[in-house]
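Engineer: One structure, pasted below without further comment.
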């Protein structure tokens with residue numbers, strides 16, 4: 001995971017919360033994620049593939065997921081229901097898609113999102129894949145965005161400078 | 001999810017357990033997965049992307065994951081540790097990769113695997129994505145393979161007959 005690949009995720013997260021939810025995000029310092037750090041109760045996952053392989057995990061405190069759903073749908077039951085799943089899928093889609101637009105040199109496509117729910121679930125990565133976690137805070141509570149990108153060793157990445 | 005897309009996952013699952021683990025799989029009847037069915041304690045996830053988008057979830061009873069790791073690594077602590085995560089990543093990779101080889105008309109690539117751990121975690125899908133679950137039993141205990149494939153509406157799939 002190269003350092004310059006982190007900023008697109010930071011920018012896409014702020015834009016998504018601003019545009020989708022009219023909600024400011026206070027961002028902490030990105031750091032390397034430790035091996036078995038549990039997620040918040042709701043995690044949206046999105047895979048990205050092309051000249052590199054990526055995985056984005058948007059993990060939210062239950063209150064953030066519920067209040068985001070209330071903002072979008074107009075009501076929320078308080079339970080983790082199909083509305084919450086769809087809102088978190090859309091949020092994950094926008095963050096991964098927005099970051100991907102800024103990483104065009106990796107020629108990746110985004111895939112099908114999924115949403116993991118459950119207290120103390122952990123997203124584990126295979127050995128050798130470094131993950132950066134970006135801690136965030138909102139008026140509704142905390143969430144984080146975890147990003148892993150692994151270059152395919154068999155391919156030469158097209159650097160932006162190569163096209164000049 | 002077309003019916004003819006299920007058999008490649010069934011075949012790849014049997015082959016993976018036979019080749020990787022020398023372990024027979026007794027398969028139940030594939031069925032549509034209900035919305036909020038919890039997974040077993042350990043789930044390997046793999047996304048597939050190309051002319052269609054797919055997601056494969058290999059969800060295993062803890063005993064199956066631990067005994068598979070003992071078979072591959074030669075020992076197992078009984079905990080869900082980095083060895084277990086790597087073995088389940090490899091298993092998920094082989095099942096998704098094997099199925100993908102038989103679905104070449106969809107021109108998909110497989111991505112980075114991840115492993116979700118946690119009791120009663122649930123993998124949720126966005127509205128409109130049907131998931132087939134294939135229940136399986138081994139000498140070590142139960143597991144299941146869940147497969148979702150969604151054709152991209154904007155693209156015409158290259159059918160095998162088109163190349164004749």
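The values are calculated or read from the model by the stated rules, or taken from the named source; none is laboratory data. Note that the structure is a prediction, hence the values are computed from the model and not measured. Here Cβ is always computed from backbone atoms with ideal geometry, including for glycine, and neighbour counts include all displayed protein chains.
Engineer: Output the number of the condition that residue A:80 fails; it satisfies all remaining conditions of (1) at pLDDT below 95; (2) surrounded by fewer than 20 Cβ atoms within 10 Å (Cβ to Cβ).
Structural biologist: Failing condition for residue A:80: (2).
Engineer: Among the candidates A:44, A:28, which residue alone is modelled with pLDDT of 95 or more and farther than 17 Å from residue A:91 by Cβ?
Structural biologist: Numbers: A:44 fails: farther than 17 Å from residue A:91 by Cβ.
Going through A:44, A:28 in turn, just one is modelled with pLDDT of 95 or more and farther than 17 Å from residue A:91 by Cβ: A:28.
Engineer: Which residues, taken from segment B:87-115, are within 12 Å of another protein chain (Cβ to nearest Cβ), under 13 Å from the mean Cα position of the chain (by Cα) and under 17 Å from residue B:60 (Cβ atoms)?
Structural biologist: B:88, B:89, B:90, B:91, B:92, B:93, B:96, B:113, B:114, B:115
Engineer: Give me the pairs: first residue in segment A:40-56 and at the interface with another protein chain (Cβ under 7 Å from one of its Cβ atoms), second residue buried (at least 24 other Cβ atoms within 10 Å of the Cβ) and part of a loop (DSSP other than H, G, I, E, B), beta-carbon distance under 6 Å, and six or more apart or on different chains, which are they?
Structural biologist: From segment A:40-56, the pairs are A:47/A:111; A:47/B:111; A:49/B:111; A:53/B:111.
Engineer: Could you please give the count of residues in segment A:104-114 that are surrounded by 22 or more Cβ atoms within 10 Å (Cβ to Cβ) and either in a loop (DSSP other than H, G, I, E, B) or modelled with pLDDT of 95 or more (or both)?
Structural biologist: Total meeting the criteria: 4.
Engineer: Residue A:68 passes all but one of (1) within 20 Å of residue B:36 (Cβ to Cβ); (2) in a loop (DSSP other than H, G, I, E, B); (3) more than 11 Å from chain B (Cβ to nearest Cβ); (4) in contact (Cβ under 8 Å) with a residue 24 or more places away in the chain; which number fails?
Structural biologist: So the condition that residue A:68 fails would be (2).
Engineer: Taking the stated definitions as given, is residue B:17 surrounded by 15 or more Cβ atoms within 10 Å (Cβ to Cβ) and assigned to a loop (DSSP other than H, G, I, E, B)?
Structural biologist: The answer is no for residue B:17.
Engineer: Something else about it: Return the residues of segment A:116-133 that are in a loop (DSSP other than H, G, I, E, B), within 7 Å of chain B (Cβ to nearest Cβ) and under 12 Å from residue A:59 (Cα atoms); say none if nothing qualifies.
Structural biologist: Residues satisfying the conditions are A:118, A:120, A:121.
Engineer: Right, next: Please enumerate the residues belonging to segment B:26-42 that are out of contact with any helix residue (DSSP H, G or I) (no Cβ under 8 Å at 6 or more places or on another chain) and assigned to a strand (DSSP E or B).
Structural biologist: Those that are out of contact with any helix residue (DSSP H, G or I) (no Cβ under 8 Å at 6 or more places or on another chain) and assigned to a strand (DSSP E or B): B:26, B:31, B:32.
Engineer: It is to be established whether one or more residues within segment B:138-155 are at pLDDT below 90, more than 19 Å from residue B:50 (Cβ to Cβ) and either more than 18 Å from the chain's Cα centre (by Cα) or surrounded by 16 or more Cβ atoms within 10 Å (Cβ to Cβ) (or both). Break it down into steps so the answer makes sense when it comes.
Structural biologist: Within segment B:138-155, the subset at pLDDT below 90 is B:150-155.
From what is left, the residues that are more than 19 Å from residue B:50 (Cβ to Cβ) are none.
No - not one qualifying residue is present in segment B:138-155.
Engineer: Same structure, new question: Is it true that residue A:48 is out of contact with any helix residue (DSSP H, G or I) (no Cβ under 8 Å at 6 or more places or on another chain), outside any helix (DSSP H, G or I) and within 27 Å of residue B:115 (Cα to Cα)?
Structural biologist: no
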